[in-house]
1. Which one of these is under 24 Å from Cys80 (Cα atoms), modelled with pLDDT under 75, open to solvent by 30 Å² or more (accessible area, probe 1.4 Å) and not β-branched (Val, Ile, Thr): Gly238, Gly252, Gly242, Gly227?
2. So Ile267 passes all but one of these: (1) in contact (Cβ under 8 Å) with a residue 24 or more places away in the chain; (2) under 24 Å from the mean Cα position of the chain (by Cα). Which condition number does it fail?
3. Would you be able to tell me the number of residues in region 282-303 that are under 19 Å from Gly413 (Cα atoms), assigned to a helix (DSSP H, G or I) and not basic (Lys, Arg)?
4. Condition first: of a type in the set (Val, Ile, Thr), outside any helix (DSSP H, G or I) and closer than 26 Å to Gly181 by Cβ. Can you find one or more residues in region 27-44 that meet it?
5. What are the residues in region 283-305 that are open to solvent by less than 10 Å² (accessible area, probe 1.4 Å) and touching a residue at least 24 places away in the same chain (Cβ under 8 Å), if any?
6. Checking the structure you have, find out if any residue of region 432-454 is open to solvent by 10 Å² or more (accessible area, probe 1.4 Å), modelled with pLDDT under 50 and of a type in the set (A, V, I, L, M).
7. Starting from region 158-179, take each residue that is over 13 Å from Glu300 (Cα atoms) and list its partners that are outside any helix (DSSP H, G or I), counting only C-beta distances under 7 angstrom and pairs at least six apart or across chains.
8. Output the residues belonging to region 48-74 that are open to solvent by 20 Å² or more (accessible area, probe 1.4 Å), part of a helix (DSSP H, G or I) and touching a helix residue (DSSP H, G or I) at 6+ places or on another chain (Cβ under 8 Å).
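The values are calculated or read from the model by the stated rules, or taken from the named source; none is laboratory data. Note that the structure is predicted; figures quoted are calculated from it, not measured. So basically every Cβ, Gly included, is an ideal-geometry build from the backbone, and we count neighbours across all protein chains shown. Just so you know, the surface numbers come from the protein's heavy atoms only, side chains and all, with ligands and any DNA or RNA stripped out. Shrake-Rupley method; radii C 1.70, N 1.55, O 1.52, S 1.80 Å.
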Amino acid sequence: MGRPDPEEGQLPAPVKPPDGGWGWIVLLGCFVITGFSYAFPKAVSVYFKELMKDFHVGYSDTAWISSIMLAMLYGTGPVCSIMVNQFGCRPVMLIGGLLASAGMILASFTTNIIELYLTAGVLTGLGMALNFQPSLIMLGTYFDKRRPLANGLAAAGSPVFLSSLSPLGQVLLEKFGWRGGFLIMGGLLLNCCTCGAVMRPLDMGMKRKMGKAQDKYEAKEMLPIGGKSEEGISTTDGTKKGKKAKKKPKKGKKLLDFSIFSNRGFIIYTISKFILVLGLFVPPILLVNYAKDTGVPDTEAAFLLSIIGFIDIFARPACGMVAGLKWVRPHVAYLFSFSMLFNGLTDICSARASNYTGLVIFCVFFGISYGMVGALQFEVLMAIVGSQKFSSAIGLVLLIEAFAVLIGPPSAGRLVDALKNYEVIFYLAGSEVVLSALFLGVASYCCLNRGKKEPPPENNPSAGGGSDTEEAESDVQEAEEHSSSNHQPTHSTDNAMVAANEEANHVAEEQSGEGGPAGDGEVLARDGCNADQMVERDSF
């Protein structure tokens, strides 16, 4: 009779993404979070020279700061998935913003390199991880048809922030030293809390409107009846209490869905990304110090990262628009493979660059290819596993990539210290990226074409993984069993329920903008009844 209370365990059916509306605000928040998450570990490399002098360490030691940040961003993926599925995106992001800021503030007071690893590396990296993954989940919740474009625009936050944070870090280093720079950077990271605050759950507005409509009709139809209405209300209250007691022992939803490992496409994607990450981040991390060692002034060396960022700004949205085309979107995995091949060949062909002009040319082509990779990586994953299992899939993928992050840049830094030659590093990094591209393209063509009998992912996305749909279906079945065992409600109470459901359906049609039969079915599913039950109640 009364509307289901979500706090009592009643899960709504998946809500259709609006592809706009408040989603543009969510996209803006995701833009900022992506910018901090990916650009910050690279921008910190501006401070490495001063850290080497103050702490009397080698370049490989300072490179561990960026590597630990990226390792926390990737390695804590399953933890983030569990926290998001348990508490929701918004609380997790607020905590993450506070941790990221606290890490950089504490790093400004450190006295040795180990303390830097724990503060700027572990604490800040964990905070950015708790922001990055939930923001991508919310983006997939709010966008479906425009999802490739949304992913491209959100991914553009990385180059925008890289092109601004790197010069800003150089200015802060010159005026305040590395300690003052870290302190100010910590203050900037508090903006992550603001981005977390705008991550409103998608079905909140729908629940509120349906609740108001049902309350209105309950008050209008039930109150004038008198004694019978009180009997109906008491029956309903008893039903609620019984349902509440029945739901308490019910098994909670899955916090991490390991069934995605049965998807061959997911396995191919994970292996390819592991090989890719071994070499993808090496060139931008080494670029500034490589330029300084060749005699390029510090300011101009830092500007090289700004060139990559500026080109990347336009490459990511453009690639997202191309990936959203009807004839491209079904083959987006091959476009991703081409972008990785382009990036690897850029590293190999530019390994002999020994002057500032050659480094600028390298930055232009690297920015284009790097932007294509950044715009497509999570779109491909969403296309493979579907948005219902995306929260679990991204956590597991990031965990596996964390091992590659811990191997790649530190190993490159150690080779630089040993060989004093950057050319070998660029050849090695480019070869790893090319290998990942060839593996993804060939394996997708040979394996997935034979496995097309697998059912496609469901069209209705959800932010909480595949377990939400299963639990929603169990709620509907439970409601059907309960209604079949209680066939004695009054005629007036049934009329009120019919009217309330009609009004709720009307509200749902206005919310979705389509108003088809599918929308009616969704609302009936949320109320725990279906069309057969409505006919059965009218017969009484």
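1. Criteria check complete, one pass: Gly252.
2. Single failed check for Ile267: (1).
3. 13
4. No, region 27-44 has no match at all.
5. Within region 283-305, Pro283, Pro284, Ile285, Leu286, Leu287, Val288, Asn289, Ala291, Ala302, Leu304, Leu305 qualify.
6. The answer is no, given that none of the residues of region 432-454 is open to solvent by 10 Å² or more (accessible area, probe 1.4 Å), modelled with pLDDT under 50 and of a type in the set (A, V, I, L, M).
7. Arg179/Ser108
8. Listed by number, the residues that qualify are Lys49, Glu50, Met52, Asp54, Phe55, Asp61, Trp64, Ile68, Met72.
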